[in-house]
Structures are given as C-alpha cells and as structure tokens.
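The structure appears below as structure tokens.
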Amino acid sequence: MNEIYLDYNASAPCDPRVTEAVAKAMTDGFGNASSAHRFGRRQDAAVSEAREQVAELVDGPPGGVIFTAGATEANNLALVGFAAADSETLSRVRPTLVTSAVEHASVGRTAEALAAAGRCHLQITPVTPGGFVDLEPLAGLVQVTESELLVSVMAANSETGVLNPIAEIADLVHQAGGLFHCDATQMVGRLPFNMTALGCDLVSLSGHKICGPTGVGTMVGTREALAALHPTVWGGGHERGLRSGSLNVAGIVGLGVAAEIAADEQPTEAERVGALCDRFVAALEGELADVVQNGDVERRLPNTANLRFCGADADAVLVNMDPVAASAGSACSTGAIEPSPVLTAMGLSREAAFESVRFSLGRFTTAAEIEVAAREVVTAVRYVRLMTSEVA
C-alpha cells in the first residue's frame, strides 16, 4: 500500500470494466459514426447505446444527450449557447444569467466573461454558511428580471460536497419563466439524480468523475431547452447541430458503460463509501484537537469531507502526508496564493480557508487504506502544527 488516493472529486480512477469496453471499441470498431456504410452504422449504434445508458443515469431523454469533451465544455455550451442564442434573435434586451457564488470555474469564469463582453446581465446569488444556495436571495434575483433567464447552479459542490436544494431552485426558475442548468458532475453516480423529477432543463456531467474515461462528457437537455441554445462549435452539424466534430466513439462507449455501472452500483456504493468516510473523519477527530468540518454535514455527498486543521497550513499538511493524495482549494492567481473562493463565500476567514483540506473517497477506496491514511494525516498535522509553533 504505497499510494492512497483520496481525491476522487478531482478525478476518479477508470474502472477496469470501462477500460475493457474502451479497448474493444478502439480495436473492433472503426469508421465515422456519421457515415452511411456498415462501418459507420456500427459506430452509430454504439453511440446510440451510450446515449441510452447516460440518459438512464440521470433519467433524461436519450435524444437530448449531447456528447462533449467533458463537463467543462458542457457547462460552456449551456451558458455561451444561451447567450449566443439571444443575440441570434437580435433581442434588444440582454439575457440574464444567474449563478451561485460557489460554482465551478467552468461556470463562474464563463459567466464573468460573458458579462464582461456585454453578452448578459450577471447576477451572483449567495450561499449560506453551510455552503448551499440561499433560496430567499435567489427568489429575489429571478423575479426582477425582464429578459430571457438562465440559472446555473451545481447539484453538489466539488470542494465541500454540500448539496443544493435543486428541486426548489428549479421551481423558482420556472415560476420566473427561465431555464435551469445544473452541473451535476459531482452528484451523479454518488446519489440518486433524476433530472425530470428535480426539474432540470439542462444537466452537465463528466466521464472521469464516475470512473470513466477522461476527455468525454455530456450535456443532457429537454427538447425545449436545447432549442434555446446556439452552437458554440461549428462544423458538420453533429449532436443536433450544437457540437460539431466527429464523435469520440471509444470515449463515448466508455462513458456509457461507466454510466451503466454507476446507475447499478450507486445505492450500495453510497452506503459503503459513506461509512468509510465517516470512519475516517471520526479517526481524525479522535486523535486531533481542533478539527472542524466545513459545510453542512447533514446535506453532503457521502464520499466527501472538507476539514479544517486549525493551526496547520493545508498545503504543508498535504506535502507531509504523502503518499496519501487529497487536495486544498487554494489557487495561484496573478502570482499570489489565494484561499478557496468556495470557503470564503461561505464566510470562512482567509486563515481558516488556508487550513482546509478536501478528502474524497470512491469506488476503489478500502477500509485498510482509510486506516493508514488516518494515521498519515494525524502525523502530518501534528508535525505542521509543531513546526508552526516553533517558528512563531
């Protein structure tokens, strides 16, 4: 046990069953899925099966599955496609885009770029100290708009694992006559996700978060929502004209198999991984003083724990607990290290954010790994705290 991987929210290991399916698709199948000959028809049939598998995972329409290079592209397609569609109709009123303060950069930065270019009115809705969207301010934002409206809020936060009240958000958006886009990348495969029951118009997900291939994802949309979008990639008119380019059939096959496995195994995996995560946190709290769980622990993904080790810099802890892999939310911006914007949006101080580490477990995490990881983390935190106190 030389390496222990507790960073599944960043990227999950590819399931061997998926790897086998991808290899078979690459060796047994070839040809362009858009071609009319038998080679193309076989590729198209493989893509169609994957559409069914992905649609089943989120309870969406198979015909509404638009394959992309990942959730980042899917999120961009939703936001940019919506703003571009409005400009195409020569509307005199710029569309309104509402996102939360804790969205993934592929939503947050895209929204900011659209606003800076004058393509939309951007509104940012706050979150509670628990990390989920506060419905009251959001209701105020969506009710005052007189333009076309798109609201984009993630199902589960990648850093804290905190779940948003998706059904309630969708209801508010629809009452205001808008469309609701949900980045469900972290939630699908870990908890039940039914886009129809929740009221989502557009949903993004990525293969490598559900033990599938990297570099493939999808946006799933209703007929009405997809009709409201404009293409962002031009070419041969693939994927209902919204995402041109010859299809990555092997990757799509892998995504389909990963989606099928995730749908089948989600209930048992959620229970198993949740129990391991609880055991891990309890072990740390039992050995270390001043451990704080960030985010509302009552509404969180079962695999995720974002922990503040008071008095210990997170990056220093990460370095000293190697070979256990986890992550911190701090990032380098214009040459300076900045704290996690997710944690500071929740009201944490810069100091608290810099002392926070995200641990995320998954399908291949074992009980034995959790025991070793807990010991390594305890040792690292104690060492960093000791060094910090001596410097002070």
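The values are calculated or read from the model by the stated rules, or taken from the named source; none is laboratory data. Keep in mind that this is a model prediction, so the values were computed, not measured. Ideal geometry is used to build each Cβ from the backbone, glycine not excepted, and the neighbour counts take in all protein chains shown. Keep in mind that these areas ignore ligands, DNA and RNA; they rest on the heavy atoms of the full protein, side chains included. Shrake-Rupley method; radii C 1.70, N 1.55, O 1.52, S 1.80 Å.
Just a few scattered comments:
- All of 297, 257, 342 fail the test of being closer than 30 Å to residue 59 by Cα, open to solvent by 40 Å² or more (accessible area, probe 1.4 Å), aliphatic (A, V, I, L, M) and not in a strand (DSSP E or B), apart from 297.
- Every residue from the stretch 284-302 that is under 26 Å from residue 187 (Cβ atoms) and of a type in the set (A, V, I, L, M, F, W, C): 284, 291, 292, 297, 301
- Residue identified as surrounded by fewer than 19 Cβ atoms within 10 Å (Cβ to Cβ), modelled with pLDDT of 95 or more, more than 30 Å from residue 211 (Cα to Cα) and in contact with a strand residue (DSSP E or B) (Cβ under 7 Å, 6 or more places away or on another chain) among 289, 352: 352
- Per-region count, the stretch 135-144, residues open to solvent by less than 30 Å² (accessible area, probe 1.4 Å) and within 26 Å of residue 230 (Cβ to Cβ): 2
- Of all residues in the stretch 20-33, those that are over 14 Å from residue 251 (Cβ atoms) and without any contact (Cβ under 8 Å) to a residue 24 or more places away in the chain have Cβ atoms under 6 Å from Cβ atoms of residues that are surrounded by 14 or more Cβ atoms within 10 Å (Cβ to Cβ) and hydrophobic (A, V, I, L, M, F, W, C), 6 or more apart or on another chain, in 31/39.
- Output for the stretch 269-309, where each listed residue is among the small types (Gly, Ala, Ser) and either under 10 Å from residue 361 (Cβ atoms) or out of contact with any helix residue (DSSP H, G or I) (no Cβ under 7 Å at 6 or more places or on another chain) (or both): 270, 274, 275, 282, 286, 289, 295, 305
- Pair list, Cβ < 7 Å and 6+ apart or interchain, from the stretch 114-127 residues that are more than 11 Å from residue 101 (Cβ to Cβ) and at pLDDT 95 or above to residues that are hydrophobic (A, V, I, L, M, F, W, C) and in a loop (DSSP other than H, G, I, E, B): 114/120
- Residue match in the stretch 368-385 (condition: modelled with pLDDT under 95, over 26 Å from residue 156 (Cβ atoms) and surrounded by fewer than 14 Cβ atoms within 10 Å (Cβ to Cβ)): no
- Considering (1) surrounded by fewer than 20 Cβ atoms within 10 Å (Cβ to Cβ); (2) hydroxyl-bearing (Ser, Thr, Tyr); (3) at pLDDT 95 or above, the lone condition that residue 35 does not fulfil carries the number (3).
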